[in-house]
Amino acid sequence: MVFVLGTATSCKSQLEDKYLDPEQTATPNIRAFLSQMLTNSRLRSEYWHYRTFILMHQARYTQTTFFTNANGMYQQNDSYINGYWNDFYGPGLLGVYRAMERAYADLSDTEKAELDPFMYAARVVLYDQASKLVDNFGDIPFSEAGSLPKTDQISLAKFDSQTALYAEFIEGLKSAGTFFKTYRTTADFTRADILNGGVALKWQKYANSLRLRLLMRTSHVNESTARTEIMEMLNNPADYPLVDGDNSGNYTPTSDVLLAPLSTYTSSLLDALRELPSHYAPDYMLNTVLNTSNDPRIPVLFDKFGKTVNNAFVQNPTYRAMPITFSQVESEQQFQDYAVVDSATAWINNKLPGVLMTASEVNFIKAEALERWGSTADAKLAYETAVRQSVSFYYYLNNTSTHASKVTTPVDSVITAFVTQSNIAYTGTPANKLQLIGTQKWVHFGWLQGEQAWSEYRRTKYPVLPAFPVDDLNGFERPPVRLLYPSSEITNNSDNYSAVQAKDTRDTKIFWDVK
């Protein structure tokens, strides 16, 4: 159910406890609401989100992670999907935002002006996460969802059109970018903004870059509008600054939109990866894409692993991944001979940030736009910048870790040779170049940004992955093209669900999936 967790009485009590001013006045604190939204675990690189959602679903469906070849490997876990759903609704992100709207509506015009930055920032985060729900499910409750924290009334929410929601998000992000263009930050906003530190320019870039992402996602279904809007942004960088690392390959990733772990967080993704298991290297990514180009990211993405011989650990001689065709028995017997995910960079790194937007993604979007609608020479520059930035990004993550030894970033000549002389060099037909962009973008997202990897794989059909192992479970032989709605929503919102029931199948494509 999209408006409540538990009974109405208990939910209202929780909302009052969470959303009132810390000094116990009767006035909800909009400043605290923004911080509350940014503490949502789905924005962070934390165990539960990856263990129960990303690694079991999107990462498998894109082959960005290893998964055991066993019955049910493509079947979604309804309980875990329900948890993801409720973390957006419930008193989750949308619930907090509706409480913000309610408090804001009761303010004077002067008070509203003071709190506008909090509302715009919250809206950007909301649209970011809501667009992911659309990408996963299609139509979702939105416009009528969250009635309890907004009105104290319980009402069942209709499912809004996914196409209309994307249009709403794109327009709202444009307004947010315009607002932050002239906003001058305050101490209040800086204290509450645990994502971008109160920096208005960073919020402007985040809003613009998210809008760019959503426009590109619609570009095969509404190319005319996407082309016009995207090229306006790219041709006017002063009006539409982006999270692009100032177009420098050797950039500082702290300029990306990264949500730092809470100061009290001491865990990591160790168990999330190891329990499934998902900590072994994926076949196509390592064996076919990275190894054949001598990719300099390999040492910070993977570890060679090995086995103990005569009480001494003997490292494997090379980086290689288990074949995706391995049976469960074969993987259990031979895993020591193959690479694993690098521990310092990802799975034992308690400094790993939540990744919301990176310069590499933005420059890959630029490259695709310029290849399709502009200059292939400019597209090449954007593509090469994006690849270089991806190298910088993963070495940055590796060096933030307090676990194990760090890997030294390769000298520029090594990175240049990789970008311009290996099999990833920007050459060939326009179709070949778009495949290069899509494949390298997929590498950059990996399992860490599994939702984005799955969305872009469905939209572009790149990379051209090897055949997925066939699951013997009837009806789940292949990965889906969308997630099914959680059973709790079907049960508790049955009248509104009936309007979308016919589309609630594993084979119903999201509106932008038309290629």
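None of the figures in this text is laboratory data; all of them are computed from the coordinates on show. No experiment lies behind these values; they were computed from the predicted model shown. Don't worry about glycine lacking a Cβ; one is built from the backbone with ideal geometry, like all the others, and counts go over all protein chains shown.
Of note:
- Stretch gain in nm, segment Asn235-Thr288, where the contour uses 0.36 nm per residue and the Cα spacing is subtracted: 15.5 nm
- DSSP-assigned coil residues among GluC sites (Glu not before Pro) in segment 247-351, each with at most 14 further Cβ atoms within 10 Å: Glu275
- Where labels lie 7 Å past Cα in the beta-carbon direction, separation of Asp271 and Val464 in nm: 4.3
- The simple spin-label model puts a point 7 Å past each Cα toward its Cβ; for Thr508 and Asn311 those points are separated by 6.3 nm.
- Counted residue by residue at 0.36 nm each, then reduced by the alpha carbon distance between them, the extension gain from Ser155 to Ala187 reaches 7.7 nm.
- Positive-end residue, segment 137-265 charge dipole about Cα centroid, Cβ charges, pick of Leu195, Thr252, Ser175: Thr252
- Dipole moment magnitude, nearest 20 debye, segment 243-481 about Cα centre, only Lys, Arg, Asp, Glu C-beta charged: 340
- Cα centroid separation - segment 253-299 against segment 154-173, whole Å: 33
- Charge-dipole axis of segment 369-412 as Lys and Arg at +1 and Asp and Glu at -1 on Cβ define it, positive-most pick from Val387, Pro410, Ala377: Pro410
- Note on the chain: helix-only mean residue ellipticity at 222 nm, from DSSP H runs of 4+ residues weighted -39500 (n - 2.57) and normalised by residue number, equals -14500 deg cm²/dmol.
- Convex hull volume per residue in cubic angstrom - Cα atoms of segment 243-481: 146
- Radius 13 Å from Cβ of His403, net charge of other residues (Lys, Arg +1; Asp, Glu -1): 0
- Global geometry of segment 50-176, whether rounded, prolate or oblate, following the gyration tensor of its Cα atoms and the 1.5 cut on a/c: prolate
- Global geometry of segment 233-378, whether rounded, prolate or oblate, following the gyration tensor of its Cα atoms and the 1.5 cut on a/c: prolate
- Cα point-scatterer Debye curve for the chain, base-10 log of I(q)/I(0) at q = 0.10, 0.14 Å⁻¹: -0.80, -1.59
- Phi angles of segment 268-280 translate, via the Karplus equation with coefficients 6.51, -1.76, 1.60 and θ = phi - 60°, into HN-Hα couplings of 7, 8, 3, 6, 4, 7, 6, 5, 6, x, 10, 8, 8 Hz per residue; Gly and Pro are given as x.
- Among the GluC sites (Glu not before Pro) in segment 449-490, those located in a DSSP loop and surrounded by at most 15 other Cβ atoms within 10 Å of their own Cβ are Glu477.
- Its Cα centre serving as origin, the chain has a Cβ charge dipole (Lys and Arg +1, Asp and Glu -1) of approximately 860 debye.
- Span-like helix ranges in the chain, DSSP H, alpha carbon extent 27 angstrom or more, Kyte mean at least -1.0: 109-137, 162-182, 376-400
- Summed over all non-identical Cα pairs, the Kirkwood treatment of segment 125-212 gives a radius of 14.5 Å.
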